[in-house]
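K.L.:
Please see the structure below; I have some questions.
The values are calculated or read from the model by the stated rules, or taken from the named source; none is laboratory data. Source: prediction; values computed, not measured. Note: ideal-geometry Cβ built from the backbone for every residue, glycine included; neighbour counts use all protein chains shown. The accessibility values were calculated without ligands, DNA or RNA, using every heavy atom of the protein model including side chains. Shrake-Rupley method; radii C 1.70, N 1.55, O 1.52, S 1.80 Å.
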Amino acid sequence: MISSIIKEDIEKEIIPEFNQFLEKLGGKTILITGGNGLIPSYLVDTFIINNKRLKNPSKLIIINKNQPNRFSRLSHILNDENTKFIVQDVGKPFNISEKVDIIIHAASRANPTAFLADPLDTIDANVNGVRTLLEYAKNNPVEEFLF
């Protein structure tokens, strides 16, 4: 469920500040990796709330290593008609039937304890994840790529 603090922050601060950019996302398909993480989930919430203002909402494709469920950070959008979840390791090749306009790669371990416990997995998400996404973008031209 979205926190009332995050929702208020998005509605009163982020959307007014970035209104021109957010309006341009209408009708775009946005691929976000690591969507359950702190920063990417904030982006997802921003896009979801922004969609309510748009005549032609954005489509979100969220690649996450773990299956989202009712306890997940993004549980409030599990049934959102403009959102699709793909359970996938971002470092492995994938197929998406929709045309993707924007890729936001935000999958990575963000916890220092996790870095120390499994540093290779952290590196893998960053290096192989970028490689896989760039390969996808090369074969399926996208408008923007953000890492």
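K.L.:
I'm trying to understand the selection: among the residues of segment 56-79, which are more than 14 Å from the chain's Cα centre (by Cα) and at pLDDT 95 or above?
P.N.:
Asn56, Pro57
Residues checked against (1) closer than 23 Å to Glu17 by Cβ; (2) exposed (fewer than 14 other Cβ atoms within 10 Å of the Cβ):
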{"position": "Ser75", "(1), (2)": "no, no"}
{"position": "Ile104", "(1), (2)": "yes, no"}
{"position": "Thr113", "(1), (2)": "no, yes"}
{"position": "Ala125", "(1), (2)": "no, no"}
{"position": "Val130", "(1), (2)": "no, no"}
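K.L.:
Pairs only if they're at least six apart or on different chains, beta carbon under 8 angstrom, first in segment 134-147 and in contact (Cβ under 8 Å) with a residue 12 or more places away in the chain and on the phi < 0 side of the Ramachandran plot, second part of a loop (DSSP other than H, G, I, E, B) and open to solvent by 100 Å² or more (accessible area, probe 1.4 Å); list them, first residue then second.
P.N.:
Matching pairs, first to second residue: Glu135/Pro93; Tyr136/Pro93; Asn140/Lys99.
K.L.:
Residue by residue through segment 31-54, note down the ones that are outside any helix (DSSP H, G or I) and surrounded by fewer than 22 Cβ atoms within 10 Å (Cβ to Cβ).
P.N.:
To start, the set of residues in segment 31-54 that are outside any helix (DSSP H, G or I) comprises 31-37, 52-54.
Of everything in segment 31-54, those that are outside any helix (DSSP H, G or I) and surrounded by fewer than 22 Cβ atoms within 10 Å (Cβ to Cβ) turn out to be Asn36, Gly37, Lys52, Arg53, Leu54.
K.L.:
Still on this structure, I have one more. Can you name the number of the only condition in (1) closer than 28 Å to Asn56 by Cβ; (2) in a helix (DSSP H, G or I) that Thr122 fails?
P.N.:
(1)
K.L.:
Does Arg70 qualify as being surrounded by fewer than 18 Cβ atoms within 10 Å (Cβ to Cβ), within 21 Å of Gly27 (Cα to Cα) and among the charged types (D, E, K, R)? Break it down stepwise before answering.
P.N.:
On the way: surrounded by fewer than 18 Cβ atoms within 10 Å (Cβ to Cβ): yes; within 21 Å of Gly27 (Cα to Cα): no; among the charged types (D, E, K, R): yes.
Spelling it out, it is not the case that Arg70 is surrounded by fewer than 18 Cβ atoms within 10 Å (Cβ to Cβ), within 21 Å of Gly27 (Cα to Cα) and among the charged types (D, E, K, R).
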